[in-house]
Structure formats: C-alpha cells, structure tokens
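The values are calculated or read from the model by the stated rules, or taken from the named source; none is laboratory data. Please read these numbers as outputs of a predicted model, since none were measured by experiment. Methodologically, a virtual Cβ is constructed for each residue, glycine included, from the backbone with ideal geometry; neighbour enumeration extends over all protein chains shown. Note: accessible area is taken over every heavy atom of the protein model, side chains too, but ligands, DNA and RNA are not part of it. Shrake-Rupley method; radii C 1.70, N 1.55, O 1.52, S 1.80 Å.
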Amino acid sequence: MADPSSYRPKPGQIPDSPGVYKFRDEHGRVIYVGKAKSLRQRLANYFQDLAGLHPRTRTMVTTAASVEWTVVSTEVEALQLEYSWIKEFDPRFNVKYRDDKSYPYLAVTLNEEFPRVQVMRGAKKKGVRYFGPYGHAWAIRETVDLMLRVFPVRTCSAGVFKRSAQIGRPCLLGYIGKCSAPCVGRISPEDHHELAEEFCDFMAGRTGAYIRRLERGMQEAAEEMEYERAARLRDDIGALKRAMEKSAVVLADATDADLIAVAEDELEAAVQIFHVRGGRVRGQRGWVTDKVEAVTTSGLVEHALQQLYGEERGDAVPKEVLVPALPEPVEPVAQWLSERRGSQVSLRIPQRGDKKDLMATVGRNAQQALGLHKTKRASDLTTRSRALEEIARALGLDAVPLRIECFDISHLQGDDVVASMVVFEDGLARKSEYRRFQIKSFQGQDDVRSMHEVIGRRFKRYLQEKQKSGEWTEEPADDARVDDNGATAATVTEAATVTTGTDDLEPDPMAGRPTDEDGRPKRFAYPPQLVVVDGGAPQVAAARRALDELGIDDVAVCGLAKRLEEVWLPEEDDPVVLPRSSEGLYLLQRVRDEAHRFAIAYQRSKRTKRLKSSPLDAVAGLGDTRRQALLKHFGSLKRLRAATVDEICEVPGVGRKTAETVAAALAGAAPSAPAVNTATGEIIEDDGVPPAALSAERGQER
C-alpha cells in the first residue's frame with residue numbers, strides 16, 4: 001500500500017487549467033482516468049487526509065504510485081480525451097458499463113451497389129444505416145417480413161445473390177414478390193438504391209406521408225375501377241400498419257429522443273436506454289456496472305453518455321437526450337453531443353407530460369435489470385457464504401445460519417388474515433418447503449398477536465415431529481386450500497402446505513434430515529438456525545415469547561424493519577444497523593421480500609375465492625363439471641334460481657335428486673337485495689364479481 005504523499009506533485013507544479021489525469025500503479029499500469037475543469041483543484045482533493053476520503057477513493061490513491069496529467073484547451077476536449085483513454089487503458093477504478101447482451105440491429109448496407117437488409121451485431125460499419133437496437137433478432141425478422149411486401153429490398157447473402165445471377169433465376173422471395181430481384185436485372189441499381197432509401201425513411205419514423213400516399217393511390221385505383229391494384233395497395237397499407245404497431249406510439253410523431261434512466265445502490269448501478277424515433281420506441285438496451293469509484297448519479301449519467309455516443313456521429317445522436325440527472329457541469333457534455341451530431345442537442349431532465357411518464361417506465365426497467373443482476377450475483381457460492389458469515393457476526397450467532405425461515409403477516413384491513421413462511425438454505429430459496437397459514441385464534445387486525453400464533457404453531461409442529469418415531473399422519477383435509485396454481489391441496493388443520501415449484505438448482509445441503517419412509521423430508525421436522533420476522537421490536541418480542549413458551553432456546557430470532565432496514569434483536573433497545581453494502585443485509589432483504597410476496601399472493605387468492613364463492617359450491621355431490629354445465633345451460637345463477645326442478649333435470653348429467661338439491665340450495669340462498677361494491681358503486685351480479693372489486697382493494701392490502 002503506497003503513501004499518497006510519496007508521489008504528490010510539488011506545490012505550483014499542477015496547472016490551473018482543464019485537462020485529463022491518470023493514476024498509475026507501481027507497475028506502470030493506468031488504474032484511474034479522470035478529467036477536470038481545473039487540474040490543480042481536482043488533484044488536490046486526492047491528496048488530503050486519507051480519513052476524509054471516500055473508501056473507494058482511498059483504495060485507489062493508496063494503490064497508485066504516480067500521477068500524470070495532460071492539459072487541453074477546453075472541457076469538451078477533456079471529455080473526449082477522457083473517453084479515449086478509458087477505452088484504451090481500461091482502468092480498474094473507473095466505472096465501466098458492461099453490456100448485458102450483444103444487441104442486434106436492423107442494418108441496411110447502403111454502401112453496396114445493391115443494398116441489403118439484414119440483422120447485424122457488433123461494431124458498426126461505415127456506410128451502413130442501423131435501426132434499433134432490438135431486444136431479439138426474431139423481432140427484426142418479423143418487422144422485415146411485413147415490410148418486404150411494400151419495400152422488396154434484397155435480403156439474401158452475397159453467395160446467394162451471386163449464384164442467382166449466374167443461373168439467371170431469382171430465389172423464392174423474388175418469385176413471391178418479397179424481393180425486387182436485382183440479381184436477374186428486374187430492377188436497376190439506381191431504382192433499387194432508391195427503394196432502400198425509402199425503406200430507411202420509413203424505419204426512421206417518416207411513416208405518415210408514405211402511408212397517406214399509398215391511401216391516395218388506393219382511392220385513385222378504386223375510382224378507375226382497377227380493383228386488383230387497389231386491393232394490393234390496401235394489403236400494403238395493412239402490412240405497414242402492422243409493422244408500425246410492433247412499436248407503440250409513446251411521444252409526438254416528430255420526436256427523436258433517447259431516454260436514459262439509472263438504478264443504483266452502494267455497490268452497483270444499472271442503466272437502461274430507450275431509443276425513440278418518430279415518436280415510437282425503436283430500441284432498448286442496458287448496462288450494469290460496479291461502482292468502483294465514488295460516483296454520483298450525475299457522474300453515472302455522464303459515463304453512460306460517453307459509452308453510448310462515444311463512437312456515434314450524425315443522426316445516431318438524437319436531437320433530444322432525456323436523463324434523470326444532469327452532468328456537472330452540463331455545458332461541455334451538451335456541446336460534445338452537439339458536435340457529434342452536427343447540430344444542437346438538448347440534454348435535459350423531463351419535468352412533466354408524456355416524456356416524464358416514459359422516463360418512469362425506463363426507470364422501472366433499470367430497477368428490474370439491477371434486481372436481475374443481483375439475483376445472478378446471489379447465486380454465487382462465495383457471495384452467499386460471505387453473506388451468511390456477516391449475518392452470524394452481526395447477530396452474535398455461534399455458527400452461520402444454514403437454514404433461515406422468514407415469517408410475514410398479510411391482510412386487507414383486518415380481513416383474510418394470513419401468514420407465510422419461506423425457507424432459505426445455504427442462501428438459496430427452497431420453495432418446496434414454503435408454508436402458509438390462516439390466522440384462526442382471533443378476528444381482526446393484530447400483526448403482533450398473529451406473529452405469536454404463527455411462530456407457536458410452526459414450532460409446536462416441530463416438537464411433535466421430534467417426539468414421534470413413526471409416520472406422521474395428517475388430520476382430515478377439511479381445511480383444504482387453493483395453491484398459487486389453482487390446485488386444491490389437502491392440508492393439516494393448523495398449517496397449510498404449498499409447493500410453488502421444484503426448481504431447486506442445487507442438491508440439498510442439509511444431511512441427516514428426518515424423512516418419511518418414501519424418503520421425503522417430514523413437514524416442519526427440521527428446525528432453522530435463524531427465524532426472521534417482517535417487522536420491528538414488537539414482532540420480534542412476540543416471536544421470542546412464542547419460542548420461550550415452547551421451551552425452545554436454540555433458535556435465534558431477529559426482525560427486519562422496512563423503514564430504515566434495521567435489524568432488531570429480542571430484548572435489545574437499539575437495532576443492529578448493517579452497512580448498506582453488506583451482503584448479509586442484502587440476503588436478509590431478499591428473504592423478507594420473498595416472504596412478503598408469498599403472503600400477499602396467498603391473501604389475494606383467498607380474497608378472490610371468497611368474492612367468487614357461489615351457492616352452488618355448497619351443494620353436496622355437485623362437482624365442477626356439472627356446476628359448469630348448469631351455469632352454461634341457464635346462463636346465470638339468477639335464471640337457474642328461477643328454474644323448476646324439471647327444467648334443471650334437462651341439463652345433461654343432472655338427475656332429479658340432484659336437481660331437487662340444487663333447487664333447495666338456491667332457494668335458501670336467495671339474496672334479499674343486490675350486492676353493491678362500495679368501492680366502485682357497481683352492482684355485483686350472481687354471475688361473478690366485477691374486476692374493479694378486486695383492483696380497488698389491492699391498494700389497501702398489507
């Protein structure tokens with residue numbers, strides 16, 4: 001570790017002018033490149049007391065062994081030189097955006113005698129028009145297939161083109177009208193090039209005038225009674241409109257803009273870009289980066305602009321670039337973009353209207369990209385091990401918690417109170433052992449009391465399984481519940497068992513687990529090393545009290561409060577605050593969020609089932625098939641209720657005894673007045689429940 005004072009430049013040696021600087025390590029490798037409006041002021045910040053530096057900056061300056069700089073005339077030149085050096089030296093302490101995939105483009109090779117439309121990846125070539133990027137290559141091929149009907153541009157490879165020219169016979173596309181067949185001279189090079197230019201104009205967003213021209217031609221052909229030509233033009237218009245529908249209109253017709261959004265945490269950042277051309281989203285791309293330097297959102301935006309437009313010229317740089325935060329200072333970056341485009345570029349933050357709404361959509365995509373990247377990171381064994389070690393150290397555990405169970409309570413203003421239990425083993429979700437509970441001991445909203453009940457029931461089952469030596473028999477399945485997939489599963493009275501998937505990616509890390517004769521693990525038979533509850537001190541105290549009442553003292557308990565992500569321990573006045581960059585905190589958040597998701601899903605399914613319940617459900621001996629046949633025959637419960645026994649017997653498969661039972665059940669369940677949804681004012685018919693009744697409640701559920 002080097003002492004920064006050993007290579008600090010002498011006072012007055014650093015010029016007070018714009019420039020770019022490089023830090024090198026002891027082997028001469030460039031480890032950081034930066035730019036500054038004033039080199040003297042910027043570099044002075046690196047050579048202050050180490051305790052006052054950001055941890056990442058401190059690591060960089062102690063790794064470096066020398067610093068050098070280059071003076072430039074303007075800040076724009078500094079921006080260009082910084083980008084060039086980052087590309088050249090790939091310094092380890094600079095933010096480097098990594099493309100999450102190699103995005104395909106729709107390319108038109110205007111530099112050839114007979115331009116070709118094709119899918120291209122990788123570095124861009126001179127003389128080729130690019131459109132996109134697209135998320136998938138098949139999306140390009142679908143668009144091209146629709147447009148070749150109107151713009152029959154060549155799509156074949158050089159080998160196929162040469163072979164067709166030699167034999168004097170075009171390929172299949174030439175015969176079916178999706179290629180103008182320049183290989184056999186059906187169209188001149190000039191006309192084919194003009195056709196390719198029209199294709200590019202349409203893809204660039206200039207669609208309205210071309211479609212209006214085709215519509216006028218169709219009307220003229222119809223007036224002249226040339227119906228075949230009119231029909232052909234009609235089909236061409238339809239094909240173009242279907243191609244346009246594949247990219248939704250989001251902004252005004254003439255808008256060309258790129259929207260950039262950033263999602264970040266202490267360690268990483270994700271950038272998403274939407275390319276809007278002619279008011280339509282023509283492409284999307286994204287990057288993820290490690291924040292190896294102390295960088296703000298403005299700095300991330302500036303790095304993204306360099307990455308995005310560093311190799312672009314002309315129309316590839318749009319007239320408008322919308323960002324979540326402006327670079328500091330913004331003038332050099334805006335000037336640099338304008339120079340690359342060749343005309344003025346507006347760089348700004350959207351404040352209102354459609355552009356702000358679209359920016360919010362881009363932001364959500366960035367958040368999802370960051371979440372997906374974190375999920376991939378969580379699958380790394382080394383990272384999981386470090387997370388478990390951090391949790392054990394922070395909570396004072398004797399060993400790492402190889403099995404973690406998390407509990408959460410969910411309800412809708414005190415109705416349909418349920419709870420969830422999710423299981424993580426060795427840092428990975430074990431979905432086959434998820435459990436869900438109905439709160440039975442009381443009615444109403446009391447999260448603390450609900451948590452006490454659920455913890456008590458779960459560990460009472462554990463003690464029962466521990467005492468048994470034979471097979472565990474389930475109680476009668478009178479408490480059957482519907483799982484997330486709609487399948488009814490017979491469950492025990494106290495706790496419902498649900499399987500959400502069998503996608504365990506690794507072998508069971510727990511050896512010696514109690515099992516049934518068929519080799520399957522017994523339900524609730526294996527204890528966790530750590531119980532996590534969703535909540536603060538009250539919920540933690542309730543969970544600890546439930547364990548103490550059962551005499552269980554070898555299971556640790558903690559709670560994770562959502563507001564400040566504080567970790568609460570039993571009988572502690574102050575929470576444990578884990579660093580935001582902690583892998584242990586990240587794992588606890590994942591466990592808590594999964595428990596919340598699972599509880600919400602169960603609560604919604606129960607509410608939906610309750611709202612959609614029908615008097616026919618209580619008719620003994622009436623299964624789904626005959627119940628559906630009755631509703632299909634009469635159209636609604638209202639008409640079925642008004643039917644006679646003889647009319648009900650007319651339904652195939654329904655005998656007289658069943659018809660009498662159905663008639664009696666419906667007569668006893670006849671409503672005195674129509675039900676009204678108080679949230680929307682809609683009358684709830686016998687046939688079902690208005691969707692608004694569900695959507696209006698979702699904003700109030702916990």
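Evaluating LEU326 against the criteria (1) open to solvent by 10 Å² or more (accessible area, probe 1.4 Å); (2) assigned to a helix (DSSP H, G or I); (3) within 25 Å of ASP265 (Cα to Cα); (4) out of contact with any Pro (no Cβ under 7 Å at 6 or more places or on another chain) leaves one unmet condition, (2). Annotation note: Cβ proximity below 8 Å between a residue of region 73-95 that is more than 10 Å from VAL33 (Cα to Cα) and touching a residue at least 60 places away in the same chain (Cβ under 8 Å) and a residue that is open to solvent by 60 Å² or more (accessible area, probe 1.4 Å) and of a type in the set (S, T, N, Q) (sequence gap 6+ or interchain) occurs for VAL76/GLN335. Scanning region 556-574 for residues that are open to solvent by 10 Å² or more (accessible area, probe 1.4 Å) and not aliphatic (A, V, I, L, M) gives LYS562, ARG563, GLU565, GLU566, TRP568, PRO570, GLU571, GLU572, ASP573, ASP574. Give the residue that is farthest from the chain's Cα centre (by Cα), with candidates limited to residues of region 392-403 that are open to solvent by 60 Å² or more (accessible area, probe 1.4 Å) and closer than 15 Å to PRO528 by Cα. Looking at residues that are open to solvent by 60 Å² or more (accessible area, probe 1.4 Å) and closer than 15 Å to PRO528 by Cα, I get ASP398.
Could you check region 374-391 and list, in sequence order, the residues that are part of a helix (DSSP H, G or I) and either surrounded by fewer than 18 Cβ atoms within 10 Å (Cβ to Cβ) or at pLDDT below 75 (or both)?
Result: LYS374, THR375, LYS376, ARG377, ALA378, LEU381, THR382, THR383, SER385, ARG386, GLU389.
Considering region 214-233, the residues that are of a type in the set (A, V, I, L, M) and out of contact with any helix residue (DSSP H, G or I) (no Cβ under 8 Å at 6 or more places or on another chain) include one that is surrounded by the fewest Cβ atoms within 10 Å (Cβ to Cβ), namely MET225.
Consider region 265-282 and keep the residues that are within 30 Å of SER581 (Cα to Cα) and not in a strand (DSSP E or B). The one that is most open to solvent (accessible area, probe 1.4 Å) is GLU266.
Scanning region 57-69 for residues that are outside any strand (DSSP E or B) and exposed (fewer than 15 other Cβ atoms within 10 Å of the Cβ) turns up just one, THR62. Residues in region 338-373 that are over 16 Å from GLU264 (Cα atoms), open to solvent by 50 Å² or more (accessible area, probe 1.4 Å) and without any contact (Cβ under 8 Å) to a residue 24 or more places away in the chain: GLN351, ARG352, LYS356, ASP357.
Taking region 392-430, which residues are in a strand (DSSP E or B) and farther than 20 Å from LEU569 by Cα? Break it down into steps so the answer makes sense when it comes.
From region 392-430, those in a strand (DSSP E or B) are 403-412, 415-425, 428-429; that's our starting set.
Matches in region 392-430: SER410, HIS411, LEU412, ASP415, ASP416, VAL417, VAL418, ALA419, SER420, GLU425, LEU428, ALA429.
Entry remark, region 535-555: residues being open to solvent by 40 Å² or more (accessible area, probe 1.4 Å), within 12 Å of LEU463 (Cβ to Cβ) and not in a loop (DSSP other than H, G, I, E, B) number 1 in total. A search for C-beta distances below 6 Å between a residue of region 381-408 that is under 16 Å from VAL567 (Cβ atoms) and any residue that is acidic (Asp, Glu) and open to solvent by less than 10 Å² (accessible area, probe 1.4 Å), counting only pairs 6+ apart in sequence or on different chains, returns ASP408/ASP534. So, in region 151-172, of the ones that are touching a strand residue (DSSP E or B) at 6+ places or on another chain (Cβ under 9 Å) and in a helix (DSSP H, G or I), which residue ends up modelled with the highest pLDDT? Looking at the filtered set, the residue picked out is PHE161. Checking ARG641, ARG590 one by one, the residue that is touching a residue at least 60 places away in the same chain (Cβ under 8 Å), open to solvent by 30 Å² or more (accessible area, probe 1.4 Å) and of a type in the set (Lys, Arg) is ARG590 and no other. Taking the criterion of being of a type in the set (Ser, Thr, Tyr) and under 20 Å from ALA542 (Cα atoms), the residues of region 392-436 that qualify are SER410, SER420.
Restricting attention to region 205-250, the residues that are modelled with pLDDT of 75 or more and of a type in the set (Lys, Arg) total 6.
Of the residues LYS35, LYS10, only one is open to solvent by 30 Å² or more (accessible area, probe 1.4 Å) and part of a strand (DSSP E or B); which?
Working: LYS10 fails: part of a strand (DSSP E or B).
Only one candidate qualifies: LYS35.
The criterion of being at pLDDT below 85 and either open to solvent by less than 50 Å² (accessible area, probe 1.4 Å) or under 13 Å from LEU106 (Cα atoms) (or both) holds for LEU148.
Only residues that are touching a residue at least 12 places away in the same chain (Cβ under 8 Å) and loosely packed, with under 14 Cβ neighbours inside 10 Å: list them for region 198-213, please. Steps first, please.
Filtering region 198-213 for residues touching a residue at least 12 places away in the same chain (Cβ under 8 Å) gives 198-200, 202-208, 210-211.
Scanning region 198-213 gives a single hit, GLY208.
Filtering THR70, THR74, THR143 for residues that are at pLDDT below 85, hydroxyl-bearing (Ser, Thr, Tyr), over 38 Å from the mean Cα position of the chain (by Cα) and farther than 30 Å from SER581 by Cβ leaves a single hit, THR74.
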